[in-house]
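Undergrad: Please see the structure below; I have some questions.
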Amino acid sequence: MNAVTSNFYDSASGRITDPVAFMAADGDVKAQVIRLWAADNARHAHSFSDKIDAFMSDAQVGYAFLTPQLYRIETEVYMTRYPSFDITRFMSVDTSGSMWDVGTLVYSMDNVGQAQFLAGGAFDMPHASTKMAQATLPYHLAAIGYEWNTQEMQRAAMLGRSLSSDKAMAAKQAADRFIYNIAMTGLTPKGEDEKGLTGFVNNGSAPAAQVANNGTGPSRLWTTKAADQILADVNEAIGAVETGTGETSIATALVLPTTRYNYIATQRIENTGSTILQFLQANNAAGESLTISKSRALETAGTGGTARMIAYENNPQVVKFHLPGPHQFLSPFQKSSLVYEVGGIMNVGGTEIRLPKAIVYRDSF
């Protein structure tokens, strides 16, 4: 082990002590640590090969084998990223609070008041203010875990190998999928509305409208429209953020359904070398800082199950997701004579849109 790996790997305990530093290391260093890690776990497993019979009669033997194995598994799992369920592409995630908090106050706000001409000795000074709406956002406990049985543990010990991380990976991915669906739509992955939540793509407070019905037919579909008409649809949505908020917000992000994003990414503007997407990125009502991304959650989020685009200011003062208790695994316990369970829990809030006019929906394209 060299000085680099010793910064975040403890050979005595066989543990990665600093996962953040590990993730920042180059590929060769990571590979070296993983080899050391695997070898240490294999030695640990092999040390239990003469205690196989004790697994059946002594729970402490099972725990002694399982605990360091689970530490390795959990470290590995939480260092893994699943981009397809990454909501931070679309909004900030607020993790303030704890696993046991019951909720928080949320606010939506609009500016009111306007300047007026005033006489020098007048007493009726006009005032600007904000109109606030207050509500509570309850948090909800959710869970997904996994289990090991004694047979699997015995076989691993007999073969001198580590337990597989597959089950824990599956549990963590299920947790990420659950959080993603709640954040985007307010629904569970099964499409169930258990808690009355709405999400990023279907909040009733955000202004919504259909795009212009000026395609061939006539039609609103982009496949029937010329490049200039498609660009006009997008820029109208982007501009609506600025005009709807009295120029206090400017769209910094545009999210398109995956199929529509791919369509404009492959359609070249006539007599140019640019696709519609390339031209849009360089020439739009918000400026070159606009981030354009895609999401499968928008394919049927619009009016009548149609496609929806979202233009908005990606700012936690506008939209954020509350996750006071990110998913975590609990200590294992023996739930039956042959089965050890590892529970996994999370405390989930929901998507809060604080400035509804700074997020705009446009549908049916």
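The values are calculated or read from the model by the stated rules, or taken from the named source; none is laboratory data. As the structure is a computational prediction, the values presented were derived from the model and not from experiment. Glycine also receives a Cβ, built like all others from the backbone with ideal geometry; neighbour counts cover every protein chain displayed. Note: accessible area is taken over every heavy atom of the protein model, side chains too, but ligands, DNA and RNA are not part of it. Shrake-Rupley method; radii C 1.70, N 1.55, O 1.52, S 1.80 Å.
Undergrad: Please give every one of the lysines within straight-line cross-link reach of residue 30, meaning a C-alpha to C-alpha distance under 23 Å, and leave out same-chain neighbours fewer than 8 residues apart.
TA: In chain and number order, the partners are 167, 172.
Undergrad: Name the long-range amide H neighbours of residue 253: under 5 Å, sequence gap of 5 or more, or other chain; modelled H, no Pro or chain starts.
TA: Residues meeting the criterion, in which the H sits 1.01 Å from N, are 291, 312, 314.
Undergrad: How tilted is helix 227-244 with respect to the longest principal axis of the chain? Cα atoms for both, answer in degrees (0 to 90, nearest 10).
TA: Tilt relative to the chain: about 90 degrees.
Undergrad: Another question, if that's okay. Rounded to whole Å and sorted largest first, list the principal axis extents of the Cα atoms in the chain.
TA: Answer, in whole Å and largest first: 90, 61, 45 Å.
Undergrad: Principal axes first, then extents: for the Cα atoms of region 274-365, list largest minus smallest coordinate on each axis, whole Å, largest first.
TA: Between the extreme Cα coordinates on each principal axis of region 274-365 lie 65, 29, 27 Å.
Undergrad: Using modelled backbone amide H atoms (1.01 Å from N, in-plane), which distant-in-sequence or interchain residues come within less than 5 Å of residue 275's amide H?
TA: Amide H to amide H, under 5 Å and 5 or more residues apart or across chains, residue 275 pairs with 269.
Undergrad: While we're on this one: Where in the chain lies the longest segment free of GluC sites (Glu not before Pro) that are both loop residues by DSSP (not H, G, I, E, B) and have at most 10 other Cβ atoms within 10 Å?
TA: In the chain, the maximal stretch lacking such sites is 1-191.
Undergrad: Moving on to the next point. Just to check, using Stokes-Einstein with a Kirkwood Rh over alpha carbon pairs, what's the diffusion coefficient of region 153-269 at 25 °C and 0.890 mPa s in µm²/s? Don't skip to the end; give the middle numbers.
TA: On the way: Rh = 18.5 Å.
Answer from the Stokes-Einstein relation: 132 µm²/s.
Undergrad: Alpha carbons only, please: Rg and Dmax for region 216-278, in angstrom.
TA: Computed over the Cα atoms of region 216-278, radius of gyration and Dmax are 13.2, 38 Å.
Undergrad: Through the Karplus equation 6.51 cos²θ - 1.76 cosθ + 1.60, θ set to phi - 60°, convert the phi angles of region 69-76 into ³J(HN,Hα) values in whole Hz; use x for Gly and Pro.
TA: Residue by residue, region 69-76 yields 4, 5, 4, 4, 4, 5, 4, 4 Hz.
Undergrad: Ok, one more. Relative to the present Cα-Cα distance, how much length would full extension add between residue 143 and residue 169 at 0.36 nm per residue of separation?
TA: Net length gain for the segment: 7.9 nm.
Undergrad: Moving to a separate point now. Spin-label point model (7 Å from Cα, Cβ direction): what's the residue 80 to residue 272 distance in nm?
TA: 4.3 nm
Undergrad: Length gain on complete extension for the stretch residue 283 to residue 331, per 0.36 nm per residue less the alpha carbon to alpha carbon distance?
TA: Between residue 283 and residue 331, full extension yields an extra 11.9 nm.
Undergrad: In region 23-107, which trypsin sites (Lys or Arg not before Pro) are in a loop and have at most 11 other Cβ atoms within 10 Å, using DSSP for the loop call?
TA: Values: sites: 30, 35, 43, 51, 72, 81, 89; in loops: 81.
Here the sparse-neighbourhood loop sites are 81.
Undergrad: So, one more: Which whole-Hz couplings ³J(HN,Hα) result when phi for each residue of region 43-49 is put into the Karplus expression 6.51 cos²θ - 1.76 cosθ + 1.60, θ = phi - 60°, listed in order with x for Gly and Pro?
TA: My calculation for region 43-49 gives 4, 5, 4, 5, 5, 9, 5 Hz in order.
Undergrad: Something else about it: Region 29-57 to region 200-278: how many Å between their Cα centroids?
TA: That distance is 55 Å.
Undergrad: What accessible area per residue comes out for the chain, rounded to a whole number of Å², with a 1.4 Å probe?
TA: 50 Å²
Undergrad: With only Lys, Arg, Asp and Glu charged, each at its Cβ (+1 for the first two, -1 for the last two), find how big the charge dipole of the chain is about the Cα centre; round to the nearest 20 debye. Before the final figure, lay out each step's value.
TA: Details: 28 positive and 34 negative charges, 109 e Å.
Value, rounded to 20: 520 debye.
Undergrad: For residue 15, list long-range residues whose amide hydrogen, built 1.01 Å from N in the peptide plane, is under 5 Å from its own amide hydrogen.
TA: Amide H to amide H, under 5 Å and 5 or more residues apart or across chains, residue 15 pairs with 10.
Undergrad: Using a 1.4 Å probe over the heavy atoms of the protein chains, calculate the carbon and sulfur portion of the accessible area of the chain as a whole percent. Please report the intermediate quantities before stating the final value.
TA: Working: 9700 of 18430 Å².
The value for the chain is 53 percent carbon and sulfur by accessible area.
Undergrad: Looking at region 301-365, which trypsin sites (Lys or Arg not before Pro) are DSSP coil and have at most 14 other C-beta atoms within 10 Å of their C-beta?
TA: When the trypsin sites (Lys or Arg not before Pro) of region 301-365 are filtered for loop state and at most 14 Cβ neighbours within 10 Å, 335 remain.
Undergrad: If you don't mind, there's one more thing I want to ask. Could you work out how far the C-alpha centroid of region 138-189 sits from that of region 67-101, in angstrom?
TA: 12 Å
Undergrad: Report ³J(HN,Hα) in whole Hz for each residue of region 58-64, in order, from the Karplus equation J = 6.51 cos²θ - 1.76 cosθ + 1.60 where θ = phi - 60°; Gly and Pro get x.
TA: Using θ = phi - 60°, the values come out as 10, 4, 5, 5, x, 5, 5 Hz.
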